[in-house]
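Q: My structure is below; once you've seen it, I'll send some questions.
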Amino acid sequence: MKALVIGAGSGGLSAAVALKNAGITCEVFEAVKEIKPVGAAISIWPNGVKCMKNLGMGEIIETYGGPMHFLAYKEYQGGETLTRFSLAPLVERTGGRPCPVSRSELQREMLDFWGREAVQFGKRVTRAEENADGVTVWFSDGTTAHGDFLIAADGSHSALRPYVLGHKPERRYAGYVNWNGLVDIDESIAPADQWTTFVGEGKRVSLMPVAHGRFYFFFDVPLPAGLAEDRHTLRDDLSRYFSGWAPAVQKLIAALDPQTTNRVEIHDIEPFDTLVRGKVALLGDAGHSTTPDIGQGGCAAMEDAVVLGNIFLENREIVSALRQYEALRCARVRDLILKARKRCDITHGKDMALTQAWYQELKEETGERIINGLCETIQGGPLG
């Protein structure tokens, strides 16, 4: 039995590994010649860490996951601590530590684990067709490939999504712009073992440690889409949007490198009622495009892969196996998309009264409420 996996990001590679572990041959195709991740880093929460271990890639996360032991929120102007607490109870309850990891390092290590030479790059899908003996895909270079079934892990701009859904869903602008990058750790900006977030005015500035003595940082600002801003204006833009913010924030703006800082208009897509059509299944961002507000996008793709692999260990009847996958994943990914959207709106001042109320809550936060929320999300995954 052979599967075609379209997309060699973390979702596609997780799926390929899971299927291989289930005894299925996989061919992996990637549209671009060289993968350049959009974000500088990704949060792998314990549900994602468990998935990586389950797939045999736990060592990657252990090596490249940053030492994030505490969580703190700070007031935006003076930088006073609103709340600070240990993440040890979360680790204890979920059986894993949260691991912020550089996207380029995660991508590189997962490619090496699968085998870079076993991925066909520069293969952009133009269409797919199911026939009696499987699925055929056509690529823009004029070549084709044939397999027994197909996993479309080709990202939030998926070319295969319309085939599965029967229509092309609109992406929804979430109302804010995110700038992100990596910078050397400077403890005068934030502690090296803590996820630190400055909040105010519906904006936020956040830093979390990744491996090799670096912070992953991001800035969020509620803005209209389509502004003429780029790397040339980046430092000036951030200085303007964060004028009057704490000295640590000003120091971060001065320290970052505009040439390696990404500017992303954040979107999501309404949850889908289906993830499968016949012998073609959506996986990862192709099947559930979410905002990054609860840090579960990458984890959800890894969960998809684990579920898919486990089903094929038990069930070799392709159509029913893929239907089973859909049944196990639809409600979970819908929940993650809507949770992220709700968190996004509160964080970014969609209703400023609700955002101000959240700032007040943070002053009384012991950590218990936030950790309970994180645990509920994490433990809703397939591995508990």
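The values are calculated or read from the model by the stated rules, or taken from the named source; none is laboratory data. Nothing here was measured: the structure is a model prediction, and the numbers come from that model. All Cβ positions, even for glycine, are placed from backbone atoms using ideal geometry, and neighbour counts span all protein chains on display.
Q: List every residue pair whose Cβ atoms sit under 7 Å apart, with the two residues 6 or more apart in sequence or on different chains, where the first one lies in the stretch 242-269 and is more than 30 Å from HIS167 (Cα to Cα) and the second, anywhere, is aliphatic (A, V, I, L, M) and surrounded by fewer than 16 Cβ atoms within 10 Å (Cβ to Cβ).
A: ASN262/VAL38
Q: Also: Residues of the stretch 22-34 being more than 17 Å from GLU317 (Cα to Cα) and either at pLDDT below 95 or touching a helix residue (DSSP H, G or I) at 6+ places or on another chain (Cβ under 7 Å) (or both), which ones? Working first, answer last.
A: Kept after step one, since they are more than 17 Å from GLU317 (Cα to Cα), are these residues of the stretch 22-34: 27-34.
Across the stretch 22-34, the qualifying residues are VAL28, LYS33, GLU34.
Q: Can you tell me which residues in the stretch 329-351 are without any contact (Cβ under 8 Å) to a residue 12 or more places away in the chain, farther than 21 Å from SER206 by Cβ and not aliphatic (A, V, I, L, M)?
A: Scanning the stretch 329-351 gives a single hit, ASP351.
Q: Do the conditions hold for THR63, that is, is it free of Cβ contacts under 8 Å to residues at least 40 places away in the same chain and either closer than 26 Å to ASN180 by Cα or surrounded by fewer than 16 Cβ atoms within 10 Å (Cβ to Cβ) (or both)?
A: no
Q: Can you tell me how many residues in the stretch 20-32 are of a type outside the set (Phe, Trp, Tyr), within 15 Å of GLY115 (Cα to Cα) and either surrounded by 24 or more Cβ atoms within 10 Å (Cβ to Cβ) or touching a residue at least 24 places away in the same chain (Cβ under 8 Å) (or both)?
A: 6
Q: Another question, then. Out of all the residues in the stretch 97-114, is one or more over 30 Å from GLU364 (Cβ atoms), exposed (fewer than 14 other Cβ atoms within 10 Å of the Cβ) and without any contact (Cβ under 8 Å) to a residue 40 or more places away in the chain?
A: Narrowing the stretch 97-114 to residues over 30 Å from GLU364 (Cβ atoms): 101-114.
So of that shortlist, the ones also exposed (fewer than 14 other Cβ atoms within 10 Å of the Cβ) come out as 112.
After this cut, where a residue has to be without any contact (Cβ under 8 Å) to a residue 40 or more places away in the chain as well, the list is 112.
Yes, because at least one residue in the stretch 97-114 is over 30 Å from GLU364 (Cβ atoms), exposed (fewer than 14 other Cβ atoms within 10 Å of the Cβ) and without any contact (Cβ under 8 Å) to a residue 40 or more places away in the chain.
Q: Of everything in the stretch 346-358, what is crowded, with 19+ Cβ neighbours inside 10 Å and assigned to a helix (DSSP H, G or I)? Give them in sequence order.
A: THR347, THR355
Q: Note down all Cβ pairs under 8 Å where the first residue falls in the stretch 352-368 and is on the phi > 0 side of the Ramachandran plot, the second is hydroxyl-bearing (Ser, Thr, Tyr), and they're at least six residues apart or on different chains.
A: GLY367/THR83; GLY367/SER86
Q: Any idea how many residues of the stretch 333-345 are within 16 Å of PRO382 (Cα to Cα) and surrounded by fewer than 18 Cβ atoms within 10 Å (Cβ to Cβ)?
A: Number of matching residues: 2.
Q: Return the pair list, or none, for Cβ contacts closer than 6 Å from residues in the stretch 211-223 that are among the small types (Gly, Ala, Ser) to residues that are at pLDDT 95 or above and outside any strand (DSSP E or B), at least 6 apart or on different chains.
A: ALA211/TYR64; ALA211/GLY66; GLY213/ILE185
Q: Please give the number of the condition GLY39 fails out of (1) within 14 Å of the chain's Cα centre (by Cα); (2) at pLDDT below 95; (3) more than 30 Å from LYS251 (Cβ to Cβ).
A: (3)
Q: It is to be established whether one or more residues within the stretch 130-138 are in contact (Cβ under 8 Å) with a residue 12 or more places away in the chain and polar (S, T, N, Q).
A: no
Q: Inspect the stretch 306-323 for any residue being touching a residue at least 12 places away in the same chain (Cβ under 8 Å) and assigned to a loop (DSSP other than H, G, I, E, B) and give the result as yes or no.
A: yes
Q: If you take the residues in the stretch 359-382 that are over 18 Å from the mean Cα position of the chain (by Cα) and part of a loop (DSSP other than H, G, I, E, B), which one is surrounded by the fewest Cβ atoms within 10 Å (Cβ to Cβ)?
A: Step by step, filter the stretch 359-382, then rank; the result is THR366.
Q: Which residues, taken from the stretch 269-322, are among the polar types (S, T, N, Q) and touching a Lys or Arg at 6+ places or on another chain (Cβ under 9 Å)? Walk me through it before giving the result.
A: Narrowing the stretch 269-322 to residues among the polar types (S, T, N, Q): 274, 289-291, 296, 310, 315, 320.
Within the stretch 269-322, SER289, THR290, THR291, GLN296 qualify.
Q: Say we look at the stretch 33-54 and pick out the residues that are touching a Phe, Trp or Tyr at 6+ places or on another chain (Cβ under 8 Å) and either among the polar types (S, T, N, Q) or closer than 13 Å to LEU106 by Cβ (or both); which of these is surrounded by the fewest Cβ atoms within 10 Å (Cβ to Cβ)? Show your work before the answer.
A: Initial filter on the stretch 33-54 (touching a Phe, Trp or Tyr at 6+ places or on another chain (Cβ under 8 Å)): 33-34, 40-41.
Remaining after also requiring either among the polar types (S, T, N, Q) or closer than 13 Å to LEU106 by Cβ (or both): 40-41.
Details: ALA40: 22, ALA41: 26.
Per the stated criteria, the residue is ALA40.
Conditions (1) farther than 24 Å from GLY373 by Cβ; (2) part of a loop (DSSP other than H, G, I, E, B); (3) in contact with a Ser or Thr (Cβ under 9 Å, 6 or more places away or on another chain), marked per residue:
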{"position": "ASP220", "(1), (2), (3)": "no, no, yes"}
{"position": "ALA228", "(1), (2), (3)": "yes, yes, no"}
{"position": "ARG231", "(1), (2), (3)": "yes, yes, yes"}
{"position": "GLY244", "(1), (2), (3)": "yes, yes, no"}
{"position": "VAL249", "(1), (2), (3)": "yes, no, no"}
{"position": "LEU252", "(1), (2), (3)": "yes, no, no"}
{"position": "GLN259", "(1), (2), (3)": "yes, no, no"}
{"position": "ILE266", "(1), (2), (3)": "no, no, yes"}
{"position": "ASP293", "(1), (2), (3)": "no, no, yes"}
